Amino acid sequence: MDQTKTLRISCVQLHWARSLERNLERTLQYIQLAAAEGSRVVLFPEANLTGYYFPEVLTLPPQAVQAALDRTCKAAADAGVWAIVGTLRQTPDRLLNLAHVISPAGAIVHEYAKVHLAGRDEQRYCRGGDKLSLFQIDGVWCTLVICRDGRHPELYRLPAMAGAQILFHPSCSSDEIEAVVWKRTSGRAQQPVGPNSKVFHCVANTVGQSPDGRQTSSGMSFIRDPHGLPLAEAGWYQEELITGVLDLERADRSYVLDSLKDPPFLHRYWEEMVAAVKTRADLKPD
């Protein structure tokens, strides 16, 4: 197989309600492990550095969050890999739920703020972003959504129309225990996007219970091909790393390209939206 047409990707499944120090330690360990596996990209869950447990997040000094992000950038550079990590970052107007794309040089080259907020705490303390994600990894066009964003196909189908072959999907499917068990039974936590877009779908989700024992998370991280077929899958409860090799020729984006073309009366509107996605892609969330 022509290695220039493949990309090896690891997705990390982590606990969602631990301390910043512990989250950073595990993040650095998994960056090294992904590099040892030969992966070029390692994807972490939603808010993996700060955690998603708001009673803890709201006490974090912004400088401590930045220091953890700086150390993560250095670790990506030391390992020579791309890393996609998450934080909840303070702004003058509430928090932003961010995904940071870190290059093998250790630089943050793209950031995306979650658009569709989920859960009482997130809706209370955060605000949504105002752009879609479009960026390149080693010349391959990619896009990002965060957790609940995946319920809104336009957020990744428009970037796919613009050329994205891979959807990275950090997630934290934390909820009351009954809701999470139902998600596992129904398979609802995250649905593969390949069958409506013909792109790869890489999900890094969370596991574990909240400190009060009232909430948990569904796990089930996965890497799926453009037909929705699993290349790698994680379990329900444990922290772990999964890895898949993406044959990029399989991601032909044919379903979104068909939507771009037909019905004809919508074509110019799709073109206008794709142009707007490209124009805003490099804006820094603030």
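The values are calculated or read from the model by the stated rules, or taken from the named source; none is laboratory data. The model shown is predicted, which means the values in this text are computed figures rather than measured ones. Because the Cβ atoms are built from the backbone with ideal geometry, glycine has one as well, and the counts that use them run over all protein chains shown.
Descriptive notes on the structure:
- Qualifying positions in the stretch 246-260 - in a strand (DSSP E or B) and surrounded by 17 or more Cβ atoms within 10 Å (Cβ to Cβ): LEU246
- Of the residues making up the stretch 1-17, just one is of a type outside the set (Val, Ile, Thr), surrounded by fewer than 19 Cβ atoms within 10 Å (Cβ to Cβ) and at pLDDT 95 or above, namely ARG8.
- In the condition set (1) in contact (Cβ under 8 Å) with a residue 24 or more places away in the chain; (2) more than 22 Å from ASP149 (Cα to Cα), GLN215 is compliant with all but (2).
- Some residue of the stretch 185-201 being of a type in the set (Val, Ile, Thr), buried (at least 18 other Cβ atoms within 10 Å of the Cβ), part of a loop (DSSP other than H, G, I, E, B) and at pLDDT 95 or above: yes
- Selection within the stretch 129-159 - farther than 18 Å from LEU283 by Cβ, over 15 Å from the mean Cα position of the chain (by Cα) and in a loop (DSSP other than H, G, I, E, B): ASP138, GLY139
- Pairs, first closer than 20 Å to LYS131 by Cβ and touching a residue at least 60 places away in the same chain (Cβ under 8 Å) in the stretch 95-108, second surrounded by fewer than 20 Cβ atoms within 10 Å (Cβ to Cβ) and not acidic (Asp, Glu), C-beta under 6 Å, six or more apart: LEU96/PRO285
- Matching residues in the stretch 18-41 - criterion: being touching a His at 6+ places or on another chain (Cβ under 9 Å) and either buried (at least 18 other Cβ atoms within 10 Å of the Cβ) or over 17 Å from GLN63 (Cα atoms) (or both): ASN23, ARG26
- Of the numbered criteria (1) in contact (Cβ under 8 Å) with a residue 40 or more places away in the chain; (2) more than 16 Å from the chain's Cα centre (by Cα); (3) surrounded by 18 or more Cβ atoms within 10 Å (Cβ to Cβ), the one LYS284 fails is (3).
- From ALA35, ALA64, residue being under 19 Å from VAL109 (Cβ atoms), at pLDDT 95 or above and of a type in the set (Gly, Ala, Ser): ALA35
- Any chance THR91 is of a type outside the set (Asp, Glu) and either surrounded by 22 or more Cβ atoms within 10 Å (Cβ to Cβ) or within 17 Å of THR206 (Cβ to Cβ) (or both): no
- Matching residues, the stretch 160-197, being within 15 Å of the chain's Cα centre (by Cα) and farther than 21 Å from TYR52 by Cβ: ALA164, GLN165, ILE166, PRO192, VAL193
- Unique match (being within 30 Å of GLU176 (Cα to Cα), without any contact (Cβ under 8 Å) to a residue 24 or more places away in the chain and of a type in the set (Asp, Glu)) among GLU271, GLU233: GLU233
- Meets criteria (over 27 Å from GLN209 (Cα atoms) and in contact (Cβ under 8 Å) with a residue 24 or more places away in the chain) for ALA75: yes
- Residues of the stretch 99-141 that turn out to be closer than 19 Å to GLU154 by Cα and modelled with pLDDT of 95 or more, as a count: 17
- For GLY228, the test of being in contact with a helix residue (DSSP H, G or I) (Cβ under 8 Å, 6 or more places away or on another chain), assigned to a loop (DSSP other than H, G, I, E, B) and small (Gly, Ala, Ser) is passed.
- Test result for ILE31, within 19 Å of ASN205 (Cβ to Cβ), among the β-branched types (Val, Ile, Thr) and out of contact with any helix residue (DSSP H, G or I) (no Cβ under 8 Å at 6 or more places or on another chain): no
- Qualifying residue in the stretch 213-221 (condition: part of a loop (DSSP other than H, G, I, E, B), farther than 19 Å from VAL193 by Cα and modelled with pLDDT under 95): yes
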